[in-house]
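**Student:** Have a look at the structure that comes next, please.
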Amino acid sequence: MKVLFIGGTGVLSSACTELAINRGIDLYHLNRGLSRNIRQLQGAKTIIANKWNLEETAKVLENQKFDVVVDFIAYEPEHIQNDISLFSGKIKQFIFISSASAYQIPEILPVTEETPLDNPYWEYSRKKIECELILKEAGVKINFPYTIIRPSHTYDKTKIPSIGGYTVLHRMLLGLPVILPGDGTSIWTLTWHKDFAVGLVGLLGNQKAIGESFHITSDEWLTWNQIYNVLAVELGVNPTIVHIPSETIARYDAEIGSGLLGDKAHSMIFDNSKIKKIVPDFNPQVKFREGAKEVIKWYKENTLKLQVDGHINAFMDELIADFNKFSCFRP
């Protein structure tokens, strides 16, 4: 099977790359060749092109044939329109990496693939929904062979699952307070990237997946308080956590706030029975306590000497100071 990954060097695609190559897939990456190879990827053949330039991409792909194409970096409706133009009638399967943040705030848990899509808070999620609708329309009108994947919060050793990235760990080490939205008791699902890869790679070339949508997530559920405490234990510190309403956080930083109100502030538990039925070997193995060890090890070896993110640091200092100053501060 000959497969093209558009992207290929990110958190999700790197794990999928490793597994696909191990399973004997003839794998290609299409990207600009600019990303630092921090994940030590080997074995995929790289096609250099700017995916956002349709004419350039069409030219470099004109003599190439693939069974499956996976687009890891389509965020705008225009990106999906370009994919349809490039690959219609030429491939057996197109896989779009959407997002579980596209689901509406669930009234009933767990979330299934039939949960309606709606996110009034986060533009990123609304654009993913638009991309899905374009694909579904193409599936009906021109028989475009799409599959939609909705990952939730997927991480690897380089991606710290905290609101503020590695700056949060820096602050913990320095004894500075860090922010958690609400009371920290909303339930969240974290998925190790190699566990995700088993589900995604198992769908490559799978005709039962055509015209279908799947979320691929862990079955482990943790509160945000537990997530931060696990990170703190691995750091060997006793963190000072300040709980602040998501609505208040959004007033201080609209970008962070949209991701909270549209995603992380709400409990999300997923029913993975659909992907497990199609891909029987999908069975997430890595618990967050194990993944956190890899995260902290990489953090200490690679980012400890870097300067903290000035914006995140100032944002937390200002918000915490104001919140402590005004005892009746409310959203």
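**Student:** When the helix-only estimate is applied to the chain (DSSP H runs of n ≥ 4, each -39,500 (n - 2.57), divided by the residue count), what is the mean residue ellipticity at 222 nm, nearest 500 deg cm²/dmol?
**Tutor:** Values: 12 runs with 132 residues, N = 331.
Here the helix-only value at 222 nm equals -12000 deg cm²/dmol.
**Student:** Rounded to the nearest 10 degrees, what's the angle between the helix 288-302 long axis and the longest principal axis of the chain, both from Cα atoms, 0 to 90?
**Tutor:** That helix lies at roughly 80 degrees to the long axis.
**Student:** For the stretch 222-331, rounded, prolate or oblate, judged on the Cα gyration tensor with a ≥ b ≥ c (square roots of eigenvalues), a/c < 1.5 rounded, else prolate if a/b > b/c? Don't jump to the answer; show the numbers that get you there.
**Tutor:** Details: a/c = 2.30, a/b = 1.42, b/c = 1.62.
Oblate shape, in that a/c is at least 1.5 and b/c is the bigger or equal ratio.
**Student:** Based on the mean of other Cβ atoms within 10 Å per residue, sort peptides 293-300, 175-182 so the most packed one is first.
**Tutor:** On the way: 293-300: 17.2, 175-182: 19.0.
The packing order, highest mean first, is 175-182, 293-300.
**Student:** Pull up all non-local amide H partners of residue 117: gap of 5 or more, or a different chain, and H-to-H distance under 5 Å with H placed in the peptide plane.
**Tutor:** 104
**Student:** Determine which residues of the stretch 1-32 fall in the zone a paramagnetic label at residue 75 would reach in this model, i.e. backbone nitrogen under 19 Å from the point 7 Å along Cα→Cβ.
**Tutor:** Output list for this probe position: 6-14, 30-32.
**Student:** Would you mind checking the tilt of helix 77-87 against the longest principal axis of the Cα atoms of the chain, expressed as 0 to 90 degrees and rounded to 10?
**Tutor:** Compared with the principal axis, the helix lies near 30 degrees.
**Student:** Which of the lysines could be linked to residue 127 by a straight reach, that is with a Cα gap under 22 Å, when you skip same-chain ones fewer than 8 residues away?
**Tutor:** Correct list for residue 127: 51, 136, 141, 264.
**Student:** In addition: Is the shape of the stretch 30-159 best called rounded, prolate or oblate, per the rule: a/c under 1.5 gives rounded, else a/b larger than b/c gives prolate, else oblate, with a ≥ b ≥ c the square roots of the Cα gyration tensor eigenvalues?
**Tutor:** Numbers: a/c = 2.05, a/b = 1.32, b/c = 1.56.
Oblate, because a/c is 1.5 or more while a/b does not exceed b/c.
**Student:** Take every DSSP beta bridge with both residues inside the stretch 124-280 and express the antiparallel ones as a percent of the total, to the nearest 5. Please list the in-between numbers first.
**Tutor:** Values: 2 of 13 bridges.
Percent antiparallel among DSSP bridges in the stretch 124-280 is about 15.
Readers should treat all values here as calculations from the given coordinates under stated rules, not as data from a laboratory. Note that this is a predicted model, so its numbers are computed, not measured. Counting neighbours? That spans all protein chains shown, and the Cβs are built from the backbone with ideal geometry, glycine included.
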